[in-house]
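The values are calculated or read from the model by the stated rules, or taken from the named source; none is laboratory data. These figures come from a predicted structure and were not determined experimentally. Note that each Cβ is placed from the backbone with ideal geometry, even for glycine, and that neighbours are counted across all protein chains shown.
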Amino acid sequence: MKTFTLLGATALITSTASATFTSLTIETAFHAATGRNVYSIFANFTVSNDRLLNVFDTMNISGTMNALHTDNAFGNIDTDGDGYADVFGATGAWSQTWNNAAGIPSDSFVAIGAPGPVALDPGFTEPYGHNVGGSMVNTGIVNLSGWYDSTPSSQNLAGTTLKIKVMQIARLAAGETIYKGQLNVGYAAFGTTSPLFSGNVQYTIGVPAPGALALLGFAGLTARRRRA
């Protein structure tokens, strides 16, 4: 599993002495059974009893998210009209509940803590990110949408790891492209009612692994030698 910390996020934090959100961290794992790269995005804090309240003002900055679902909430899809499903696991809910029920690690879902009941705010396309009446699930998150925990409790605390899961994105590893998104997190110290806000923090998925970057560098070096 690879972990990437997004540098520069600290500069975006609300200016207050009690602000303890520091950055977003992305943990990447390859799920061989489905050929998917699974990106887990965490909000990092400095105090164990800080709690995450909500995520909002999501934005697609560049590229396409291409998030895949595994719960099949609305069944598989016959895209070519031959009577046989040819897209599997592409339809499903952004709700974390489906993933927990199925126990599938290669799903895409939004989360605050794990496990825990996640509610979607009115700005999130219903139901749970689907294009109503469309033949395909919305594989991204609609701009300015968000979610929150309807019954915040211990799973929302930063705890000993000092991090709380915000969302998970599963994508096909083959031919993967780079996607950049942005979000804002609301949080508070345990026992307080005054929320704090992170400001807009960006994250990137689909970055080539270090080994791939080395191969690209080698290819470029080889090309220069041939031209010489």
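Miscellaneous remarks
- Leading residue by the ranking (surrounded by the most Cβ atoms within 10 Å (Cβ to Cβ)) among those in the stretch 25-38 that are more than 16 Å from G175 (Cα to Cα) and of a type outside the set (A, V, I, L, M): T25
- Residue among A67, A43 that is part of a loop (DSSP other than H, G, I, E, B), aliphatic (A, V, I, L, M), at pLDDT 80 or above and surrounded by 22 or more Cβ atoms within 10 Å (Cβ to Cβ): A67
- Per this entry, G35 is not counted among residues that are modelled with pLDDT of 90 or more, small (G, A, S) and touching a strand residue (DSSP E or B) at 6+ places or on another chain (Cβ under 9 Å).
- Test for L172: is it crowded, with 17+ Cβ neighbours inside 10 Å, at pLDDT 55 or above and hydrophobic (A, V, I, L, M, F, W, C): no
- Scanning the stretch 142-176 for residues that are β-branched (V, I, T), within 19 Å of S40 (Cβ to Cβ) and touching a residue at least 24 places away in the same chain (Cβ under 8 Å) yields T160, I164, V166, I169.
- Residue count for the stretch 2-32 under the criterion of being modelled with pLDDT of 90 or more and more than 19 Å from I112 (Cα to Cα): the result is 2.
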